[in-house]
Each structure stands twice: as C-alpha cells, then as structure tokens.
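First up is the structure itself, then whatever we jot down about it.
The values are calculated or read from the model by the stated rules, or taken from the named source; none is laboratory data. Because the structure is a prediction, the values reported are computed rather than measured. Note that we place each Cβ from the backbone using ideal geometry, even for glycine, and neighbour counts take in every protein chain shown. Remember, those area values only see protein heavy atoms, side chains included, never the ligands or the DNA or RNA. Shrake-Rupley method; radii C 1.70, N 1.55, O 1.52, S 1.80 Å.
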Amino acid sequence: MNVFVFDLVPYDENLDHLKAGRELPWPLPRRHFKPEVAVRTYAEHLAAWAEMDRLGYDGVGFNEHHTSPYGLMNSPNLLAASAAQRTTRLRLLIYGNLLPLHDPLRLAEELAMLDCLSGGRIVSGFARGIPREHNVYRVPLRDSRARFEEAWEIISRAWTEEVFSYEGKFWSYEDVAIWPRPVQQPRPPVWVPVSGSKETIEWAGRHDIPITPGLVPTRGLREDIIRYYARCLAQHGHRLTPDHLIIQASAYVADSKAQAVKEAGPYTLYFNRTLFSHGNISEASLQKEAGYLSSSSFDYVRPENLPAVSGARERYREMTMDDIARDAEHLPWGTPAEVRERIIEAADHAGAGTVLVNLNRGAMPQDMFLEQVRRFGAEVLPALQAHRVSAGPHGS
C-alpha cells in the first residue's frame, strides 16, 4: 500500500474569537491577517514534509483553496516547487489544481516545469473547486463542469502532442508546443478527488483516471461510488484495480483511544466548527439550485447513504467533543495497532492501493504535528507499506 499524508496547510492561529454566531466573517478582512503567522505556517509545513521524506512516506498531498484561513495553499504549484527543493524522493500530489478557474495552457506548462524540477515526482490532481472559489473568480457555477472537461483536454494534448491547436468554447490556441515537457511519459499520473457527483465519476471512468471515492470516509457512500465507478470503467474497456482507488483516513496515534480524543479532539472540533467550508455553499440542495450540481448527480446513491452527500452545515458546525469521541470509535485513532488495523481493513474493504492520511486538522501545533509524523512513520507506516491490497468486493 502507498501512504501519502494529506496536508491542508491551515493558517496557524485559532480564529474563533472573530466568529459572529457560528461562522467566521466572509470575506475575512485584511486587518485580521498576520504575515508572521503565514510565514511560520509555510515554514513549519515544509519542515514537516522534509521529515516525511526522511522517514520514507510515499508522498505528500495538498490542494487549492482561496480566500480562507482553512488553508494557505492558494497556489499548490508554488507549494510543490518549494517542496521539490526540500525533498528527494517524496511524491508531490497536487490534489488538485482547479481547472475551471485558470488558463489550462498555463497549468500544463507549470506542471511540466514541476515534473522537471522534482525529477518526475509530480502526481497531478485536477478538481472543479467549491462554489466559493467560482464566485471569487467570477466563473459561473453552471459552466464549471464544461470548463473542467475542456481544460483537461487542452492539458492532455499539450503534454502529449508534438504540436497542438484547439478551438473551444472557453479557450482557443493555435500551433502550440510547450517547453519544457514532463519527465514522466506520456504524462504525469493524474488523479481526481471525488466528492461523489455522478458526472465526475463518469468522466474519470471514461478517461481511466484514479479517484478518491467520497469527500467523507463514510463506508456506505464509498461502496456506492466504487460500484458506480467500476461500471463506468468497464463501459469504456477498463478494469478496476487497487491502483484506481485512493481512500482517505484521519489518523491519530496515541497510547489509548481516550488520549487520542483528548489531544486531537479540540483541533478536529475547530476544523469542523470554524474552518471547514468557510464562506462556501456546502448544501447539495443549494448547489443544485446554483447549477453546480445536476438534479441527477447523486441518483446512483442508495437512499440510506444520501445524508452523507447532503452537505448539511449543522452536521459539522454543531459538533461537540461528545460527537468527536463517538466518531473516534470508528476512526484510526488510538494505539498504533488499532491505527494499523483500521486503515488496512478500510483499504481491503475498498480495494484501494493508496491511502491519504490526515495527521493535522485544525491548525495543530507544530510539535504535535511532527510527533504524529514521526510516531506514525515508526509504528504504523511500515506495516501499511508492507500490506498488499487485492481488488475489493464493490467493483462489480
């Protein structure tokens, strides 16, 4: 099994004192930003990634978000460039660039540069982005999916064709041959994070692109996504393998479950009650009204699993430490043996050959983050990397 650490790079200061009711103001004005905190945040996370490189993790993943202390990764490509110079073997998973928002030719060029700068260590994730970012960039939500698919075609052709021209609805180019080209041929690996929409699963199946099945690691929803994805792959002559699936796991290694809850719980609570989906439309019903989701986006999901894709804000804004403790009973939180067993069981159940482990939610202090990186690296990582995952039961 491959083990990547997924890092949201949250702004390294608790901002609960700025909340009005249950929400941080959005937009969050300039006066609340402290440059020294941002400087510290980047330095600490880059140091943690260098430690992951030293300890033998397979990769680190980060994504793109804007206008929020949720994460300071406005440009994941800049983060990848910085990480490439501080690591030697760690794969750099950009999970991912938001295709509807940016010029795709520029992204193709930057990712090719990054593959060269890193010696061929880039894994290129592509995503649509959440409604908040479309609104910031003034990209109509109803155009999001069409822009995503057009941008993908342009990037793929820029990477693989000798010279290409393209005439599209949103972008057009004539006689372009990019320099440099990616080290990895014919192109860097491409993964797509999937929150569950039917259209994205169909797109990934059509192009034989690996996915993360579900935004939240809910077992029933994950099963539905994998089943539907397997059917989409098969329709286009592809077969589901463990290399197609990347599952997520929030992990915390401690001497006991109670200690894990006591130590990690407050930071997970801050993430859910304050940072997550700040300034965003999270509710699926509102996203459908805005044109971001179609009326049939979740019609493949079993009725009992629909609450997992509802995006109901109160589900995370009203969380308590009791909720955290109850959730932890089903999470890889606790002793190294329990963390190992739960992650391996989840990977086997899904048939997933890669796990994205989150070790730092909610602006955890650097000493705690590094302790988790080191303890997980010493007491959990070797067993996961030694474990071989076969195809799961949900691919039919």
Could you list, in sequence order, the residues of segment 161-186 that are buried (at least 18 other Cβ atoms within 10 Å of the Cβ) and without any contact (Cβ under 8 Å) to a residue 60 or more places away in the chain?
164
Quick check on my filter: what residues within segment 28-57 are over 18 Å from residue 73 (Cβ atoms), part of a loop (DSSP other than H, G, I, E, B) and open to solvent by 30 Å² or more (accessible area, probe 1.4 Å)?
29
Residue 378 passes all but one of the listed conditions (1) of a type in the set (Gly, Ala, Ser); (2) open to solvent by 40 Å² or more (accessible area, probe 1.4 Å); (3) part of a loop (DSSP other than H, G, I, E, B); (4) over 30 Å from residue 232 (Cα atoms); the exception is number (3)
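Got a sec? Which helices (runs of 4 or more DSSP H) wholly within segment 162-280 have at least 2 residues that are more than 19 Å from the chain's Cα centre (by Cα) and under 26 Å from residue 100 (Cβ atoms)? Explain how you work it out, then say what you get.
On the way: elements: 198-207, 219-235, 257-270.
Of the helices (runs of 4 or more DSSP H) lying wholly inside segment 162-280, those with at least 2 residues that are more than 19 Å from the chain's Cα centre (by Cα) and under 26 Å from residue 100 (Cβ atoms) span 198-207, 219-235.
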Hey, any hits in segment 3-12 for a residue that's in a loop (DSSP other than H, G, I, E, B) and open to solvent by 20 Å² or more (accessible area, probe 1.4 Å)?
yes
What pairs come out if I take residues in segment 85-110 that are among the charged types (D, E, K, R) and pair them with residues that are in a strand (DSSP E or B) whose C-beta lies under 8 Å away, six or more apart or interchain?
91/4; 91/59; 91/60; 91/122; 91/123
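Mind listing just one residue for me: the one in segment 45-94 that is among the polar types (S, T, N, Q) and over 17 Å from the mean Cα position of the chain (by Cα) and, of those, farthest from residue 3 (Cα to Cα)? Walk me through how you get there before you give the answer.
Just the residues of segment 45-94 that are among the polar types (S, T, N, Q), to begin with: 63, 67-68, 74-75, 77, 82, 85, 87-88.
With over 17 Å from the mean Cα position of the chain (by Cα) added as a condition, the list becomes 67, 82, 85, 87-88.
Numbers: 67: 29, 82: 21, 85: 21, 87: 16, 88: 16 Å.
Only one residue tops the list, namely 67.
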All-but-one check, residue 139 against (1) in contact with a helix residue (DSSP H, G or I) (Cβ under 7 Å, 6 or more places away or on another chain); (2) surrounded by fewer than 18 Cβ atoms within 10 Å (Cβ to Cβ), failing number (2)
Report, ordered by the first and then the second residue, all pairs with beta carbons closer than 7 Å, sequence separation of six or more or different chains, a first member in segment 45-57 that is of a type outside the set (Phe, Trp, Tyr), and a second member that is surrounded by 17 or more Cβ atoms within 10 Å (Cβ to Cβ) and outside any helix (DSSP H, G or I).
45/7; 45/9; 50/87; 52/5; 52/60; 52/90; 53/87; 53/90
